[in-house]
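One structure below.
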Amino acid sequence: MAYRGKIIRNEVTGQSIRFVITSGDSKGELLEMVTTYAPHSTPPAPHYHPEQHEEFSVLEGELTVKLDGSIIVLRKGQSIDIPKNSNHSMWNASAAKTIVSWRVTPALNTEYFLETATGLANDGKVNTNGRPGLLQVALLANRHRGEFRLSKPSFIVQRILFSILSPVALLAGKKASYPEYIN
């Protein structure tokens, strides 16, 4: 469980997240974090948040953002708002670390998603880019569809595909939630 001051570090991607304000602190209104991206980090899969707004403010270094097809490079002191339903991904393309203040409103279950993804990476259950396999994605996407959706394929195709794959994923020993990662 996320709490103020808790730090999680993805050993595959090198990204760390420090929780500043959690869902519990804000009665679900806000999740605020400070995240550090390793140099030359890998972008996450393009995605969107159907019910959430995000704000990123660069504290150190530079952050590359792909937002609805446009590439934007933010430097120290610059910010960007990501409205709900906007396709995006962000990473550090520079040779120095990047530190970003990251706010998500409302918080929903984002902290559980982040802790789970980090736990999977640290247990070696992801590829070299830090992404879990399709069976694991099916379970995570179903559980966290209010917080996170892949940009492609369309949401209806994802719902059908992930509904078909979820029983297979469970039979393969995958879980939608791992209590050991949300400690």
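The values are calculated or read from the model by the stated rules, or taken from the named source; none is laboratory data. Owing to the predicted nature of the structure, the values given are computational and were not obtained by experimental measurement. Glycine gets a Cβ as well: all are built from the backbone with ideal geometry, and neighbour counts include every protein chain shown.
Values for this structure:
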| quantity | calculated |
| --- | --- |
| Among residues of segment 128-158, those that are assigned to a loop (DSSP other than H, G, I, E, B), of a type in the set (Gly, Ala, Ser) and without any contact (Cβ under 8 Å) to a residue 24 or more places away in the chain, counted | 2 |
| Those residues of segment 49-60 which are surrounded by fewer than 19 Cβ atoms within 10 Å (Cβ to Cβ) and in contact (Cβ under 8 Å) with a residue 40 or more places away in the chain, in sequence order | Pro50, Glu51, His53, Glu55, Ser57, Leu59 |
| So Lys6, is it of a type in the set (D, E, K, R) and either at pLDDT below 95 or within 30 Å of Glu180 (Cα to Cα) (or both) | yes |
| Hey, Val100 free of Cβ contacts under 8 Å to residues at least 40 places away in the same chain and within 17 Å of the chain's Cα centre (by Cα) or not | no |
| Residue in segment 14-45 that is modelled with the highest pLDDT, counting only those that are in contact with a Gly (Cβ under 7 Å, 6 or more places away or on another chain) and of a type in the set (Ser, Thr, Tyr) | Ser41 |
| Residue match in segment 1-12 (condition: of a type outside the set (Phe, Trp, Tyr), surrounded by 17 or more Cβ atoms within 10 Å (Cβ to Cβ) and within 29 Å of Pro153 (Cα to Cα)) | yes |
| All positions within segment 97-127 that are assigned to a strand (DSSP E or B), of a type outside the set (A, V, I, L, M, F, W, C) and either touching a Gly at 6+ places or on another chain (Cβ under 8 Å) or farther than 13 Å from Glu54 by Cβ (or both) | Thr98 |
| Entirely in segment 17-96, the strands (runs of 3 or more DSSP E) that have 1 or more residues that are touching a helix residue (DSSP H, G or I) at 6+ places or on another chain (Cβ under 8 Å) | 31-37 |
| Residue that is surrounded by the fewest Cβ atoms within 10 Å (Cβ to Cβ) [pool: residues in segment 110-148 that are of a type in the set (Lys, Arg) and more than 21 Å from Asn85 (Cβ to Cβ)] | Lys125 |
| Positions within segment 35-55 being of a type in the set (A, V, I, L, M, F, W, C) and within 13 Å of the chain's Cα centre (by Cα), in sequence order | Ala45 |
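A quick yes/no check of all residues on (1) modelled with pLDDT of 95 or more; (2) of a type in the set (Phe, Trp, Tyr); (3) touching an Asp or Glu at 6+ places or on another chain (Cβ under 7 Å); (4) farther than 21 Å from Thr13 by Cα:
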{"site": "Asp81", "(1), (2), (3), (4)": "yes, no, yes, yes"}
{"site": "Met90", "(1), (2), (3), (4)": "yes, no, no, no"}
{"site": "Thr98", "(1), (2), (3), (4)": "yes, no, yes, no"}
{"site": "Gly124", "(1), (2), (3), (4)": "yes, no, no, no"}
{"site": "Val137", "(1), (2), (3), (4)": "yes, no, no, no"}
{"site": "Ala141", "(1), (2), (3), (4)": "yes, no, no, no"}
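One line per residue, one yes/no per condition, for (1) farther than 20 Å from Leu150 by Cα; (2) buried (at least 16 other Cβ atoms within 10 Å of the Cβ):
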site	(1), (2)
Val65	no, yes
Ser70	no, no
Val73	yes, no
Gly77	yes, no
Pro83	no, no
Ser86	no, no
Met90	no, yes
Ser94	yes, yes
Ser101	yes, no
